[in-house]
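In what follows, a single structure is set out as structure tokens and then discussed.
The values are calculated or read from the model by the stated rules, or taken from the named source; none is laboratory data. Just so we're clear, the structure is a prediction, and the values are computed from it rather than from any experiment. Don't worry about glycine lacking a Cβ; one is built from the backbone with ideal geometry, like all the others, and counts go over all protein chains shown. Accessible surface areas use protein heavy atoms only, side chains included; no ligands, DNA or RNA. Shrake-Rupley method; radii C 1.70, N 1.55, O 1.52, S 1.80 Å.
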Amino acid sequence: RVGMSLERARAVASQAFGHIQLGQHDIASDLLAEARQAFRREGNQVWVATLDLHRAALLAQDSASDADLSEALTLSEGARQIFRRRGMVAKHAYSQLVEGRLRERMEMTHEAARLYRSALRAASRLRLPWLLYQSQHALGRLEGRDSPEAARRRYQLAIDAIESMWCDLQPEE
């Protein structure tokens, strides 16, 4: 009512993220669409891409149909391109991880591995343990198809990354 449409869009997006964490994907999907529409009206491509990436992750659930996976891949590729053009390295790397998961689900394992490795390089360079552990875990899952030992090494590196996050927490956190 007071004309703060950008703030309202951010609040709706935050609600969507909360519902994703609660596993309430239908509600989250509706809120993502509402927030996306508001950010699109504002001309905010970065937020639109961010919401598209979250929508892609929702569509990629275990029970996703081929059509859902195809839509998710289109959304994640578009988001990745926007983040790359804008020089948003961490978001670009995360979008590679999401796209890699989609390609892995679609049995495009070589492309998935390439995306996972690229995300891993960025996570290492930027020292982002949250992305590092997800990339190592994804590579472990993929490499574990051929080599349980390679998977074990990757999973140990993922565990190390998670443990490094705990070390950075302050007592009040």
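Among the helices (runs of 4 or more DSSP H) lying completely within the range 65-173, list those that include at least 2 residues that are closer than 28 Å to residue 29 by Cβ, open to solvent by 70 Å² or more (accessible area, probe 1.4 Å) and of a type outside the set (A, V, I, L, M, F, W, C).
By residue number, 66-85, 89-105, 129-143.
Checking residue 2 against (1) open to solvent by less than 70 Å² (accessible area, probe 1.4 Å); (2) outside any helix (DSSP H, G or I); (3) farther than 22 Å from residue 108 by Cα: exactly one of these is not met. Which one?
Among (1) open to solvent by less than 70 Å² (accessible area, probe 1.4 Å); (2) outside any helix (DSSP H, G or I); (3) farther than 22 Å from residue 108 by Cα, the lone unmet condition for residue 2 is (1).
What residue, of 56, 16, 11, 35, is assigned to a helix (DSSP H, G or I), of a type outside the set (S, T, N, Q) and open to solvent by 50 Å² or more (accessible area, probe 1.4 Å)?
Answer to the check: 11.
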